[in-house]
Amino acid sequence: MSTQAESSTGIRLVALAGNPNCGKTSVFNALTGSRQRVGNYPGITVERIEGTMDLPDGSRVRVLDLPGSYSFLAASDDERIARDALLGLAGMERPDAVIAVVDASNLERNLYFATQLFESGLPICIALNMCDVAERHGVPVDAEELERVLEVPVVPVHGRDGANIDRLKEALLRARSPGRRWTMPREGEELLGNVREAVEAAGIVPNGAAEGEALRLLTHAEDDDPFLERGGEALQGAVREARKSLEEQGIDREALEAECRYAVCNDFARQVRKMHTEPGPSN
Ligand code: GDP
Ligand code: MG
């Protein structure tokens, strides 16, 4: 068996991302077996856990187990590291693809982060974990339906016992970007478009990640955010204008992203919960 360091689809480094406790490390262990090593991220003491895995096309690629994260719009230190790692910022190597680990028993909240990952610009596939727990709670998730809804490959796995890990590796070779687009009300979309153009012109994040960065700057960033500074006067002006316009329309900028995305994710979750057959009239 050959062991080229790059997959047939150009993957050399893949990152595992997801909420805390969704099973990332379990999936990571199932993917990499004992081929792991622990280091540090540049300049910080958080452990950086990397391993290698063999893909069905004969490649051996590197896998990174990222710190857990509830938001790609980065608030905590762990979240910032996960975000910087996915964007290849702060001296880190940008991955070529991402496996989003989604806890099926906590679907809405996990989809919130997974759909944010669509805006990283990286090809993505989803490991739907904790299916046994969702089933036990009486709310099993239809993985095929979730794949149809999200427009990226979805594989149900069991992180702890490694079930379906080979299927997950196959799905990684079909990873795609950007996945299902969620939308805000039209006013928000227009303003986001303006900021996105300014982000693209400023070149502060990799190609493909401008949308997510524009969203972050518009809805979440503080005035002294380093990326605003880096983007220069044109970007600062665009963000200022867009925020002012939201304010004039009485739209809370932080709530804008969270509320709209949650509404979309709640709807996705409703679509993919396997319906139990209602008892018929004769029962
Ligand atoms: P991380 O914080 O995302 O890295 O999550 P871990 O991999 O540490 O998993 C959190 C807990 O869930 C651990 O106790 C795992 O053994 C358990 N776990 C992981 N995957 C599964 C699964 O598919 N089903 C069940 N029931 N437990 C799991
Ligand atoms: Mg972990």
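Structure notes:
- Selected from 224, 65, 54 as most flexible by GNM, with the chain as the system and alpha-carbon contacts under 10 Å: 224
- Ligands, DNA and RNA excluded, the heavy atoms of residue 137 present near 120 Å² of accessible surface to a 1.4 Å solvent probe.
- Counting only protein chain heavy atoms and rolling a 1.4 Å probe, the accessible areas of 105, 7 rank, largest first, as 105, 7.
- Phi-based couplings in Hz for segment 164-170 (Karplus 6.51, -1.76, 1.60; Gly and Pro marked x): 6, 5, 5, 5, 5, 5, 5
- For segment 136-160, the residues whose amide N sits under 11 Å from a probe point set 7 Å from the Cα of residue 174 along the beta carbon direction are 144, 147-148, 152-155.
- Spin-label model, residue 109 to residue 241: label points 7 Å out along the Cα-to-beta-carbon direction sit 3.9 nm apart.
- The slack between residue 38 and residue 166, meaning 0.36 nm per residue of separation minus the straight C-alpha distance, is 43.7 nm.
- Largest GNM mean-square fluctuation among 39, 208, 138, using the chain with Cα springs under 10 Å: 39.
- Within a Gaussian network of the chain (alpha carbon springs, distance under 10 Å), most fluctuating of 206, 123, 95: 206
- All lysines inside 19 Å of residue 169 as judged from Cα atoms, apart from same-chain residues fewer than 8 positions distant: 24
- For segment 143-200 versus segment 204-240, the inter-centroid distance based on Cα atoms is 23 Å.
- Here the chain has 46 percent of its accessible surface on carbon and sulfur atoms, given a 1.4 Å probe and all protein chains in place.
- For segment 1-139, accessible area per residue (1.4 Å probe, heavy atoms of protein chains only), Å²: 38 Å²
- Model label zone, residue 78; criterion: amide N under 15 Å from point 7 Å along Cα-to-beta-carbon; scope segment 36-51: 45-49
The values are calculated or read from the model by the stated rules, or taken from the named source; none is laboratory data. What you see is a predicted model, and the numbers here were worked out from it, not measured in a lab. Positions of Cβ are backbone-derived with ideal geometry, glycine not excepted, and every protein chain shown enters the neighbour counts. What goes into the accessible areas is simple: the full protein's heavy atoms, side chains included, and nothing from ligands, DNA or RNA. Shrake-Rupley method; radii C 1.70, N 1.55, O 1.52, S 1.80 Å.
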